[in-house]
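A.B. asks: Next up is a structure, given as structure tokens.
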Amino acid sequence: MREIIEVEHLVKKFGDLIAVDDVSFKVVEGEIFGFLGPNGAGKTTTINILCTLMRPTAGRASLNGFDVVRQQNEVRRSLGLVFQDPSLDIKLSALQNLEFHAGVYNIPRSVSRERIEEVLKMLDLWDRRKDVVQHFSGGMRRRLEIGRGLLHYPKVLFLDEPTLGLDPQTRFHIWNYIIELRKRENITIFLTTHYMDEATVADRIAIIDHGKIIALDTPDALKRMVGGDIVTLKAENAEAAVEEIRHHYNIEAQRGSEGIFFEVQNGEEFIPTLVNNFKSGLYSISVRRPTLDDVFMKLTGREIREEEGGAAVMKKQWAMRQARGGGTRFH
Amino acid sequence: MNNLRGVYIVWYRDLLRFWRDRARLISSFIMPFLFLVIFGTGIASSVMGRAGDGDFDYIQFMYPGIIGMVVLFTSIMTGVSVVWDREFGFLKEVLVAPISRTSVAIGKALGGATIATIQGIFMLVFIPFAHVSMTVGEAFLLIALMFVFSLSLTSMGLFIASRIKSMEAFQVVVQMVLFPLFFLSPAMFPTQFLPAWLGTAVKFNPVSYGIDSLRQVVLGSQESAMFGIELFGYRMPIVLDIAVVALFGIIMGTLAIRSFRVQE
Ligand SMILES: Nc1ncnc2c1ncn2[C@@H]1O[C@H](COP(=O)(O)OP(=O)(O)OP(=O)(O)O)[C@@H](O)[C@H]1O
Ligand SMILES: [Mg+2]
């Protein structure tokens, strides 16, 4: 098992702001490595340093054995990237965008022609290949960007929120292709995402907050940190309910966007007991296995998206992407 | 090899975009046409046309200036395209690609210069309007000059664009640089009658030498002698004009390449 990404004490400051704060980790060849964290945690900044777009303030990092500061050309040759923000030439057609990419990555003509066809068909864009990207929908553009990132079969593929704004079917479809390609070409994948289910495709996940890695393990091991099951309930009087749970079961319940929630062993057996004895009015109750959200909550005391309000913000982010990249503002 | 391929691909993309942009192709005729036919006729029929000794033909005079104007303004568009690429994110795709930053900058400069030269060549259709005649050899020399001139100017545009990150700021800088470069040159009026302080500014303006070289080819060096630039009492010959333009281009090109290589 070779370490294909090595990061040691990496720091990136923007003025007074410390975007990446003494981060160290290693990624093994062939692995899917996930970066999970709230907005502004430093995920994109770390990727920018690893792919030579930014210079670290301190620390060192290498990719495929090459130093990201001193051996930039070699590093660039080893990686593929799907940026978080739009990065297509919207004045060119889908085909021309891919041909440009094949050109700069030195894929021979005969190979690139086949591969472009394969990728465009997989992404359901083959019929639209000659259309100017400007006329594409947001989802179509995103698909094209993903296809472009994969086109040259990089050693390491960075996916920065790759499926933001795509419908579940398309996400599923694209992931199948990526995972298949990874096996076939032994590609290492570095992923950042806000979708919890997407994060669980990762072999290992680093949870990052305020520029620091606060946990790094397999998804299952991370979830085990939470301990038991998560019980969520909605009550007539939230305060009274929290108080009652504390009094009767000695459990410190918390209030979040979904309602009141707490951890407990054997949630299914606990619920009937709770319901039978509950004094306050109860609207709903449910039990579930812990998710990575809960892990983040456990580690930081915050919900991963509480400052943003979940789905609504994702829509907003997506709208911003659209506004920025979809611009017919400039001629 | 890798670097050459990079230059070629970056250059090719700019040409593709130019070719696709029909609106720009058409508009590239309209401005010069308005200048030559309306502005030119207007001036020629008023004070300036009459002030000469009878054989001063203003439209003939301004024609090489208009070619210079087209080359100047089109070249600056290369800088605009870099700022756009940054704004739309495409620049990142270019900057993480395994081609050197130097070849990106050179490809961009060559692409912009090619487009500017093509637009300059379009101006040759106005030859009949401008009461000038040229041999085929002169036409080729003119085209070569346009290319050297525009390569210098695209390098300058790239240098500015590599320093200035937002479209708004770039537009401000362009207004502050482009218009003085244009008006403080012999493009639209003979400069030998200017007051000394303006006349000096003209001599410090590299664009003046580019325009002068175009005029020497179009009108012939004898006929254009009276409009030429004088340094230390000597009239600049075409070779020295070109040398000034080329030197300016080399300085700008070096600066542009250097600042393209700087990382955030
Ligand atoms: N070029 C820059 N100049 C100044 N500050 C920056 C720059 N890029 C990022 N930052 C700051 O660094 C911090 C980390 O940003 P980064 O983009 O890495 O976050 P992220 O984890 O990718 O967040 P998101 O989930 O929203 O994409 C933020 O506070 C951001 O404002
Ligand atoms: Mg990000």
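The values are calculated or read from the model by the stated rules, or taken from the named source; none is laboratory data. Given the structure is predicted, the values throughout are model-derived calculations rather than measurements. Counting neighbours? That spans all protein chains shown, and the Cβs are built from the backbone with ideal geometry, glycine included. What goes into the accessible areas is simple: the full protein's heavy atoms, side chains included, and nothing from ligands, DNA or RNA. Shrake-Rupley method; radii C 1.70, N 1.55, O 1.52, S 1.80 Å.
A.B. asks: A:Leu222 is checked against (1) outside any strand (DSSP E or B); (2) more than 21 Å from the chain's Cα centre (by Cα) and fails just one. What number does that condition carry?
C.D. replies: The single condition A:Leu222 does not satisfy is (2).
A.B. asks: Here is a follow-up. Helices (runs of 4 or more DSSP H) wholly in region A:13-121 with at least 1 residues that are more than 16 Å from ligand 1 (Cβ to nearest atom) - which ones?
C.D. replies: Answer list for region A:13-121: A:72-78, A:94-104.
A.B. asks: Can you name every residue in region B:128-148 that is part of a loop (DSSP other than H, G, I, E, B) and without any contact (Cβ under 8 Å) to a residue 60 or more places away in the chain?
C.D. replies: Result: B:Pro128, B:Ser133, B:Thr135.
A.B. asks: Go through region B:57-114 and report how many residues are out of contact with any Leu (no Cβ under 9 Å at 6 or more places or on another chain), within 16 Å of B:Arg5 (Cα to Cα), among the aliphatic types (A, V, I, L, M) and outside any loop (DSSP other than H, G, I, E, B).
C.D. replies: So the count comes out to 2.
A.B. asks: Next question. Any idea which of (1) buried (at least 18 other Cβ atoms within 10 Å of the Cβ); (2) within 26 Å of A:Met225 (Cα to Cα) is the one A:Pro162 doesn't satisfy?
C.D. replies: Of the numbered conditions (1) buried (at least 18 other Cβ atoms within 10 Å of the Cβ); (2) within 26 Å of A:Met225 (Cα to Cα), the odd one out for A:Pro162 is (2).
A.B. asks: Looking at region A:207-263 only, could you name the residues that are within 16 Å of ligand 1 (Cβ to nearest atom) and among the small types (Gly, Ala, Ser)?
C.D. replies: Scanning region A:207-263 gives A:Gly211, A:Ala215.
A.B. asks: Of the residues that make up region A:182-197, is at least one at pLDDT below 85 and open to solvent by less than 10 Å² (accessible area, probe 1.4 Å)?
C.D. replies: Within region A:182-197, one or more residues are at pLDDT below 85 and open to solvent by less than 10 Å² (accessible area, probe 1.4 Å).
A.B. asks: Right, another one. Provide a single number: the residues in region A:7-28 that are open to solvent by less than 50 Å² (accessible area, probe 1.4 Å) and either more than 16 Å from ligand 2 (Cβ to nearest atom) or more than 14 Å from every other protein chain (Cβ to nearest Cβ) (or both).
C.D. replies: 8
A.B. asks: Exactly one of (1) within 16 Å of ligand 2 (Cβ to nearest atom); (2) away from chain B (no Cβ under 14 Å) is unmet by A:Glu31. Its number?
C.D. replies: (1)
A.B. asks: Would you point out the residue of region B:62-105, among those that are under 20 Å from the mean Cα position of the chain (by Cα), among the small types (Gly, Ala, Ser) and open to solvent by less than 10 Å² (accessible area, probe 1.4 Å), that is farthest from B:Leu124 (Cα to Cα)?
C.D. replies: B:Ala105
Yes or no, residue by residue, for (1) open to solvent by 70 Å² or more (accessible area, probe 1.4 Å); (2) assigned by TED's automatic domain parsing to the domain that holds A:Pro162; (3) over 30 Å from A:Thr45 (Cα atoms):
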{"residue": "A:Ala199", "(1), (2), (3)": "no, yes, no"}
{"residue": "A:Arg246", "(1), (2), (3)": "yes, no, yes"}
{"residue": "A:Ile251", "(1), (2), (3)": "no, no, yes"}
{"residue": "A:Ser257", "(1), (2), (3)": "yes, no, no"}
{"residue": "A:Ile260", "(1), (2), (3)": "no, no, yes"}
{"residue": "A:Glu268", "(1), (2), (3)": "yes, no, yes"}
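A.B. asks: Please go through region A:66-114 and pick out each residue that is under 28 Å from the mean Cα position of the chain (by Cα), open to solvent by 20 Å² or more (accessible area, probe 1.4 Å) and touching a residue at least 40 places away in the same chain (Cβ under 8 Å).
C.D. replies: Of everything in region A:66-114, those that are under 28 Å from the mean Cα position of the chain (by Cα), open to solvent by 20 Å² or more (accessible area, probe 1.4 Å) and touching a residue at least 40 places away in the same chain (Cβ under 8 Å) turn out to be A:Gln84, A:Asp85, A:Pro86, A:Tyr105.
A.B. asks: Let me ask another. When only residues in region A:82-126 that are over 17 Å from B:Gly107 (Cβ atoms) and acidic (Asp, Glu) count, which is nearest to the other protein chains (Cβ to nearest Cβ)?
C.D. replies: Only one residue tops the list, namely A:Asp85.
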